[in-house]
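**Student:** Here's a structure for you.
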C-alpha cells in the first residue's frame, strides 16, 4: 500500500485536506482495493469507538445533583445568618468603642491645646533642643 | 414545550432550580461520555460528573453564552477529569496499587480470544493513554466533537490536537488489533 496515500487517508478523517491532496487520495482509492479496505476498517473502528461512549451515570443522577445543590444553598444560608448575627451582636459594642475613642481624642486635643495628631494621642511635645542634637555644637565650633 | 438552554438558565437564575434539573437531565449523557471516557466507570467518575454540574450551577450568573452549554459543560468536565487523573497519579506515588479504572491488564477471564465486549475493550485501551492524549481522543472520537471544537475546548492549537490524536489512535489500535484479529 502506498504510504503517502495511507497517510492522506488517515488525515482525511480529522483534517480538511487541500484540493490537491483530496484529488490525490480519491485517485489512490480508485486504484487500490487495499486502500479502500483500510478506509472501511478505519470507518468501522471509529464508529465502534463512538458507540462505546457511556450515556449515563448511576441511576437518579439528576436527583443527586439537585440534592447537593440544595445542601450547598443551606450551608450558604447558615453562613449568611452566622455573619449577620455576628455583626448584629457586635454592632453596639463597636459603636460604643468608636464613640469612646472619639471622645478621648477630643478630650486630649482640648486639654493640650495642640490641634494635631500628636495632641489627639496625648503624645509629649517635642522641643527644639530634642530635635537638634547638642553634640553637633562641638563640630560647629 | 421544550425550553431552550437560555430560557432554562434564565429561569434558574430567577430562583427556579427545577429548570436547572432539566439542564442536568438534558446534558447528563454528554458529561457521562466525557467523564467515563476519561476516568473509566468508577465511583470517582460519578463524583466528577456531579461536580461538573455543581460548578456550572455556581457559575451560571457569569455564563455569557459565548459557547454552547454542551461545550461549556464539557470543558468543565474535561478539566475536572484531568485534575482527578493528576490526583490518581499522586496517590499512586504514595500508595502504589492500581486505582479503580486503571487496571494494568484485562482480567484473565476476559483475555480469551472469544471475548467480544467491544465497549469494555475500547474503554480499557483508552485508559492506557496518557492524560493529554486521552483528552483529545475522548473529545474527538468518543464525544464526537470536530477537531476545531476539540482544540477550542482544550485551548490548544489545532496542529497539536491533530498530532496527539494521530498518536492516540495509533496506540489504541495497536492495543485492540490482537483482539479484533482473533474475533
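**Student:** When you check residue B:89 against the structure, is it at pLDDT 55 or above, within 14 Å of another protein chain (Cβ to nearest Cβ) and surrounded by fewer than 16 Cβ atoms within 10 Å (Cβ to Cβ), yes or no?
**Tutor:** No; evaluated as a whole, the condition is false for this residue.
**Student:** Also: Working carefully through the options A:67, A:76, find the one that is part of a helix (DSSP H, G or I), within 14 Å of chain B (Cβ to nearest Cβ), within 31 Å of the chain's Cα centre (by Cα) and at pLDDT 90 or above.
**Tutor:** A:67
**Student:** Note down all Cβ pairs under 9 Å where the first residue falls in the stretch A:90-104 and is free of Cβ contacts under 8 Å to residues at least 12 places away in the same chain, the second is assigned to a helix (DSSP H, G or I) and surrounded by 10 or more Cβ atoms within 10 Å (Cβ to Cβ), and they're at least six residues apart or on different chains.
**Tutor:** A:94/A:87; A:104/A:120
**Student:** Mind checking which residues of the stretch B:21-54 are more than 9 Å from chain A (Cβ to nearest Cβ) and not in a helix (DSSP H, G or I)?
**Tutor:** B:40, B:42
**Student:** Which residues, counting only those in the stretch B:139-155, are free of Cβ contacts under 8 Å to residues at least 12 places away in the same chain and assigned to a loop (DSSP other than H, G, I, E, B)?
**Tutor:** Restricting attention to the stretch B:139-155, the residues satisfying the condition of being free of Cβ contacts under 8 Å to residues at least 12 places away in the same chain are B:144, B:146, B:148, B:151, B:155.
The answer is B:144, B:146, B:155.
**Student:** Same structure again: Filtering the stretch B:113-136 down to residues that are in contact (Cβ under 8 Å) with a residue 60 or more places away in the chain and within 14 Å of chain A (Cβ to nearest Cβ), which residue is nearest to residue B:78 (Cα to Cα)?
**Tutor:** Ranking the candidates gives B:134 first.
**Student:** Is it true that residue B:57 is more than 14 Å from chain A (Cβ to nearest Cβ) and assigned to a helix (DSSP H, G or I)?
**Tutor:** No; evaluated as a whole, the condition is false for this residue.
The values are calculated or read from the model by the stated rules, or taken from the named source; none is laboratory data. On a predicted model such as this, the values are computed, not experimentally measured, just so you know. Note that we place each Cβ from the backbone using ideal geometry, even for glycine, and neighbour counts take in every protein chain shown.
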